[in-house]
Amino acid sequence: MTPTHVLVTGGAGFIGSHVSRALLARGAAVTVLDNLSVGTAAAVAPGARLVTGDVRDRAAVAEALHDVDAVVHLAAQVTIRGSFERFYDDLDTTRMGTANLVRTLDPARVRWFTLASSMAVYADAPSAAPITEAHATQPLSPYGVGKLAAEQVCGQMLAHLGVPLTVLRFFNTFGPGQTYTPYVGVITIFLTKLLRGESPVIFGDGEQARDFVHVDDITAGVLGSLGRAEGTFNLGSGRGTSLNALAGLLTDQVAPAATVLREAERPGELRFSVADIRAAREAFGYRPTRTLERDLGGVVDDIRARLSAPPETPPHPR
Ligand SMILES: NC(=O)c1ccc[n+]([C@@H]2O[C@H](COP(=O)([O-])OP(=O)(O)OC[C@H]3O[C@@H](n4cnc5c(N)ncnc54)[C@H](O)[C@@H]3O)[C@@H](O)[C@H]2O)c1
C-alpha cells in the first residue's frame, strides 16, 4: 500500500522531524503526535498537523489518528542511562503508550504500522562483527526492555487485528537536529562539548564498538519499508567504529588540542553493537549512502548555530 496520511508519533523530535519532512516531500499528509517533552513545535515539519499530547492519552491518540492510514511510531524516552533513573516513565511510555496506540487505532483504516525499536533489545555481542536480526535479545537496560515489550505487543496484537507491521531496530543515529542532553547521541554530546571548549568523556576503555548511521539513511529506511516490507529489520550503517576512533575523528575535525576524559563504564551499555543490514537491503533495497567521515559537517554546522543562539537547556532531566 502507499500511505496517503501518516501519523508520526514523536514527530517533533530528531528522527521524527526528518521522517515527517520526507513523507511530506513524497506527497503524503502528516499528523504529528508529540508531548513536546523533548521535541519542539518549531521542529515539526512545515505542513504537518501537530497534535500536542501524550501517546498514553487515549483521547489525544484518537484525535491524532483521525483520517490516518499508516502509523510511524517513534515517540519514546530515548535514553539508556536515563532509563535507569526514570524506569517507570520509560516503560510506561514505551510499553503502555504503544499498547494505547494499538488499542485505539481502527484496523479497517490503518493499513500499516511501523515501530521504531532499537539495538538496545539485543544481547551483547562477542565481537564487533555485525549481528543479524536473529541475534539473541537480552536487553541490558529498562529502555531495551521497553522496546522489546513494544515489539512483542505490536507483533502479537497487530497480527491479531490484521495490520501489517514493520519493526525497525535503529542503531546509533547521528545528524543535524538532535536535541542536546547529557545522555543521548554520543556524536552530538562530544561535538557540543568540543565546540564549547569542554572535554568529552569516554566511559570504559573506549574500545566498545558502535554503528553510527546518518539520520538521512534511517529516514530512507523508514520510507522504503513503509507499506512494503513486513518484518523486523536492523537499520544501521553496517560498519563498526570504536569510541576511541570516534573521539579521534571528532577532535581532529573541530578541536585538535582537546583532551578526552575517561570514566568508569556505565550500566546498560552494550560493548559491541554493529548492524548486519542485509535483511533490509534484500527486503526493500536499503543502502546507506552517508558516512561518518564525510557527513559530520552538517552536524557540526547545526551545533555551532545552536550554540550561538540563546542558551539551550535540556527540556527535562533525562
Ligand atoms: N537516536 C538514536 O540513536 C536512536 C537509536 C535507536 C532507536 N531510536 C528510536 O527512534 C525513535 C526516535 O528517537 P529520536 O532520536 O528522534 O529521539 P527524540 O527524543 O528526539 O524524539 C522522541 C520524541 O518523542 C516525544 N515523546 C516522548 N515521550 C512522549 C510521549 N509520552 N508522548 C508523546 N510524545 C513523546 C519527544 O518529545 C520527542 O519529540 C525513538 O523511538 C527511539 O527509541 C533512536
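The values are calculated or read from the model by the stated rules, or taken from the named source; none is laboratory data. Just so we're clear, the structure is a prediction, and the values are computed from it rather than from any experiment. Don't worry about glycine lacking a Cβ; one is built from the backbone with ideal geometry, like all the others, and counts go over all protein chains shown.
So here's what we get for this one:
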item: Test result for A128, surrounded by fewer than 19 Cβ atoms within 10 Å (Cβ to Cβ) and small (G, A, S); result: no
item: Hey, T114 surrounded by fewer than 23 Cβ atoms within 10 Å (Cβ to Cβ), in the same structural domain as A64 (by TED's automatic domain parsing) and in contact (Cβ under 8 Å) with a residue 12 or more places away in the chain or not; result: no
item: Search result, residues across region 259-314 that are of a type in the set (S, T, N, Q), under 18 Å from N172 (Cβ atoms) and surrounded by fewer than 17 Cβ atoms within 10 Å (Cβ to Cβ); result: T289, T291
item: Residue under evaluation T173, criteria (1) of a type outside the set (A, V, I, L, M, F, W, C); (2) within 30 Å of A309 (Cα to Cα); (3) buried (at least 21 other Cβ atoms within 10 Å of the Cβ); (4) over 13 Å from the mean Cα position of the chain (by Cα), criterion not met; result: (4)
item: Evaluation of F212 against (1) more than 11 Å from the ligand (Cβ to nearest atom); (2) under 18 Å from the mean Cα position of the chain (by Cα); (3) surrounded by 22 or more Cβ atoms within 10 Å (Cβ to Cβ) (one fails), failing number; result: (1)
item: Condition met for L168 (more than 18 Å from V38 (Cβ to Cβ), within 13 Å of the ligand (Cβ to nearest atom) and part of a helix (DSSP H, G or I)); result: no
item: Subset of region 181-199 [over 14 Å from the mean Cα position of the chain (by Cα) and of a type in the set (S, T, Y)]; result: T181, T192, S199
item: Odd one out for D205, checked against (1) within 26 Å of A22 (Cα to Cα); (2) over 14 Å from the mean Cα position of the chain (by Cα); (3) surrounded by fewer than 21 Cβ atoms within 10 Å (Cβ to Cβ); result: (1)
item: Region 210-232, subset assigned to a loop (DSSP other than H, G, I, E, B) and touching a Ser or Thr at 6+ places or on another chain (Cβ under 7 Å), residue nearest to P288 (Cα to Cα); result: D211
item: For A59: the one exception among (1) free of Cβ contacts under 8 Å to residues at least 12 places away in the same chain; (2) within 22 Å of Q178 (Cα to Cα); result: (2)
item: Residues that are farther than 18 Å from R278 by Cα and within 15 Å of the ligand (Cβ to nearest atom), drawn from region 122-146; result: T137, P139, L140, S141, P142, Y143, G144, V145, G146
item: Given (1) more than 9 Å from the ligand (Cβ to nearest atom); (2) more than 24 Å from L7 (Cβ to Cβ), number of the condition M119 does not satisfy; result: (1)
item: Scan of region 227-236 for residues that are in contact with a helix residue (DSSP H, G or I) (Cβ under 8 Å, 6 or more places away or on another chain) and over 11 Å from A280 (Cα atoms), ordered by number; result: R228
